[in-house]
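I have placed the structure first, in the form of structure tokens, so that the comments after it can refer back to it.
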Amino acid sequence: MEEGPKLIQHSQLNSVWPEVNFPFLLAPMVGLSHVALRELVRDYLPSNARTIWPTEMLNSRRLPTQRVGETPETKISQRDSDLVPQILGNNERFISESIKRLQHLNIAGVDINMGCPVAKALKHNYGVALMGDPEYASSVVAMAKRATDLPVSVKLRVGLQKDQQYFDEFCQGLVDAGARMLCLHPRTAEQKRKGNADWSQIADLKKKVTVPIIGNGDVQVWQDAVRMLEETGCDGVMMGRALTARPWIFWQLGESLGFSTPPGREGERAPQGPEEESKEFGRVIIKYVDYCFKYFETTYALRKIKFYLRVSTPWLNFGHYLCKKLNKCQTPEEYRQVCEEFFGKDGLLLAPFTNLTY
């Protein structure tokens with residue numbers, strides 16, 4: 001394994017965002033990458049580390065009529081810096097107006113979604129559907145570039161089909177149109193989250209374009225993130241649902257690379273092993289619940305908590321049992337009581353990640 005500082009030096013992320021020194025990122029996830037989850041994960045970011053942060057996917061046809069910064073999807077905290085919101089769009093008027101409104105949040109860039117594989121996106125020529133038309137996809141990047149001087153990035157998959165030449169030309173078109181960074185989830189649209197992510201596609205793309213490349217897919221423990229950097233030569237690693245269950249991956253990575261401990265955890269080591277991680281997950285749930293009740297009204301907070309638990313608890317032995325108990329809670333105090341009872345027992349340890357592909 002390479003020494004930590006060398007891994008950081010290899011990253012070209014700071015050619016786009018000079019302040020970034022930590023090449024690990026939270027993914028933009030629908031219904032998850034809102035202010036409460038960002039606050040939770042940020043609690044585990046080393047105190048001297050800086051990275052960019054996503055929003056959840058934002059629909060450019062809705063943003064122009066919304067009070068950006070007040071809706072649950074666009075709320076930010078006092079700690080929300082280096083924010084790169086992700087937009088879903090294919091129309092210049094909507095994209096331009098959306099970016100104009102988002103810039104009131106003091107954003108650091110804009111990300112365009114060309115990877116969402118859901119049927120609704122395909123129907124309306126959003127998300128990964130744009131990968132079926134290289135010229136139009138490149139024009140969407142150009143639309144965003146005309147609306148802002150900030151860096152524009154694109155998150156994409158390997159395509160609608162396995163056609164290497166087509167994919168190479170597609171990506172080069174995005175770069176030629178002004179994309180400053182590409183994030184690749186190396187699965188096809190048809191695969192969604194099934195099967196294995198083909199990291200060789202990340203390595204191949206890194207060799208063929210000049211902009212920073214972020215890898216995404218099948219990163220479930222901190223060692224996976226380091227291995228992706230080493231094996232693909234990518235400039236950064238994006239993690240999604242694994243960070244909902246193990247936000248301390250950021251702490252573990254920082255510790256392995258010589259960064260300081262997260263604020264408030266001075267003198268501690270990052271959790272290691274099933275027992276320590278299980279106990280930390282109990283703290284994580286309570287933190288997340290508190291953040292949801294802080295930033296959202298009660299009904300919405302309860303909905304976001306239920307979704308978060310459904311996504312994160314599969315990593316835990318007896319996680320389904322815990323999820324059922326927590327879903328009956330209505331107040332932060334009730335959530336805290338269930339967690340303290342559950343995680344006070346012996347043997348309730350985090351399950352291995354080997355059977356999950358997020």
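One table, with the values for the structure above:
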item	result
Condition broken by Arg180, with the remaining ones in (1) charged (D, E, K, R); (2) modelled with pLDDT under 95; (3) buried (at least 17 other Cβ atoms within 10 Å of the Cβ) satisfied	(2)
All positions within segment 232-283 that are within 16 Å of the chain's Cα centre (by Cα), outside any helix (DSSP H, G or I) and closer than 14 Å to Ala49 by Cβ	Gly236, Val237, Pro247, Trp248
Filter pass, Ala245 being in contact with an Asp or Glu (Cβ under 7 Å, 6 or more places away or on another chain) and of a type in the set (A, V, I, L, M, F, W, C)	no
Answer residue from segment 275-289, given it is acidic (Asp, Glu) and buried (at least 17 other Cβ atoms within 10 Å of the Cβ) and is farthest from Arg303 (Cα to Cα) among those	Glu277
Enumeration of residues in segment 302-338 that are among the hydroxyl-bearing types (Ser, Thr, Tyr) and under 24 Å from Val30 (Cβ atoms)	Tyr308, Ser312, Thr313, Tyr335
Candidate set: segment 305-337, residues that are under 25 Å from the mean Cα position of the chain (by Cα) and outside any helix (DSSP H, G or I); chosen: the one surrounded by the most Cβ atoms within 10 Å (Cβ to Cβ)	Leu316
Yes/no for Lys306 being within 30 Å of Gln78 (Cβ to Cβ), charged (D, E, K, R) and modelled with pLDDT of 95 or more	yes
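A quick yes/no check of all residues on (1) at pLDDT below 95; (2) outside the structural domain of Glu277 (by TED's automatic domain parsing); (3) of a type in the set (Asp, Glu); (4) surrounded by fewer than 24 Cβ atoms within 10 Å (Cβ to Cβ):
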| residue | (1), (2), (3), (4) |
| --- | --- |
| Asp198 | yes, yes, yes, yes |
| Lys207 | no, yes, no, yes |
| Gly217 | yes, yes, no, no |
| Val226 | no, yes, no, yes |
| Thr232 | no, yes, no, yes |
| Gly236 | no, yes, no, no |
| Thr244 | no, yes, no, no |
| Trp248 | no, yes, no, no |
| Trp251 | no, yes, no, no |
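Per-residue answers, yes or no, for (1) charged (D, E, K, R); (2) touching a strand residue (DSSP E or B) at 6+ places or on another chain (Cβ under 9 Å):
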position: Val16; (1), (2): no, yes
position: Val20; (1), (2): no, yes
position: Pro28; (1), (2): no, yes
position: Glu39; (1), (2): yes, no
position: Tyr44; (1), (2): no, no
position: Arg50; (1), (2): yes, no
position: Trp53; (1), (2): no, yes
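The values are calculated or read from the model by the stated rules, or taken from the named source; none is laboratory data. Computed from a predicted model, the values in this text were never measured in an experiment. Don't worry about glycine lacking a Cβ; one is built from the backbone with ideal geometry, like all the others, and counts go over all protein chains shown.
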